[in-house]
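What follows is a short report on a single structure.
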Amino acid sequence: MALYEHVFIARQDLSNAQAEGLIEHFGQVLKDNGGQVVGSEYWGLKTMAYKINKNRKGHYAFVRSDAPAPAVQEMERLMRIHEDVMRVLTVKVDKHEEGPSAVLQARSQRDDRGDRGDRGPRRPRREDEN
């Protein structure tokens, strides 16, 4: 079986639970067709670079799978038919990366910056600034 990575974007008016339910649903499609889900991540509601179907935002999801090609084709076919899924991207990879994806790593690094509320005293205003 081959290794794949799938990213899909769901409509913005879904709840987080519904978007995560789509990950489970399409993972089950892979399992029913002889594949398996190695890992999945919900990246959250993100603003897109351009509108897709009159939507400015979308729920992004990432799935790593080990499945035969017919299982992946069936999952992609069902994703393209599903009314809540706006875009699908599937990439065949040689091996899966260990740990979280780059998107989640970047988010955790942003969170590690700490509280930015206390920046210390402000410098005095100069008289020539207006």
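Where a number appears in this text, it was derived from the coordinates with a stated rule and is not lab data. Values in this document were obtained by computation on a predicted structure and should not be read as measured data. Here Cβ is always computed from backbone atoms with ideal geometry, including for glycine, and neighbour counts include all displayed protein chains.
What is the helix-to-structure angle for 102-111, meaning the angle in degrees between its Cα long axis and the longest Cα principal axis of the chain, kept from 0 to 90 and rounded to the nearest 10? Helix 102-111 sits roughly 30 degrees off the main axis of the chain.
Using alpha carbons only, how many degrees (0 to 90, rounded to 10) separate the axis of helix 69-81 from the longest principal axis of the chain? Orientation of helix 69-81: about 60 degrees from the principal axis. Full extension of the segment from residue 96 to residue 13, taken as 0.36 nm per residue of separation minus the current Cα-Cα distance, would add 26.8 nm. Taken over the range 2-42, the alpha-carbon convex hull comes to 67 cubic angstrom per residue.
Note on the chain: with a GNM built from Cα contacts shorter than 10 Å, the maximum mean-square fluctuation among 94, 84, 32 falls on 94. Lysine pair count for the chain (Cα-Cα distance under 26 Å; residues 8 or more apart in sequence or on different chains): 5.
Between residue 89 and residue 123, residue separation times 0.36 nm minus the direct Cα-Cα distance comes to 7.2 nm. For the chain, the fraction of C-alpha pairs more than 18 angstrom apart is 61%. One decimal place: the segment residue 25-residue 106 gains 26.4 nm when fully extended, by the rule 0.36 nm per residue minus the C-alpha distance. Principal-axis analysis of the Cα atoms of the chain puts helix 16-32 at an angle of about 30° to the longest axis. Counted by Cβ distance under 15 Å from residue 92, the other residues give a net charge of -3, where Lys and Arg count +1 and Asp and Glu count -1. When only Cα pairs below 8 angstrom with a gap of at least 6 residues are kept, the chain shows a relative contact order of 34 percent.
Rounded to the nearest whole angstrom, the semi-axes of the ellipsoid equivalent to the range 35-92, taken from the Cα gyration tensor as √(5λ), stand at 23, 14, 8, largest first.
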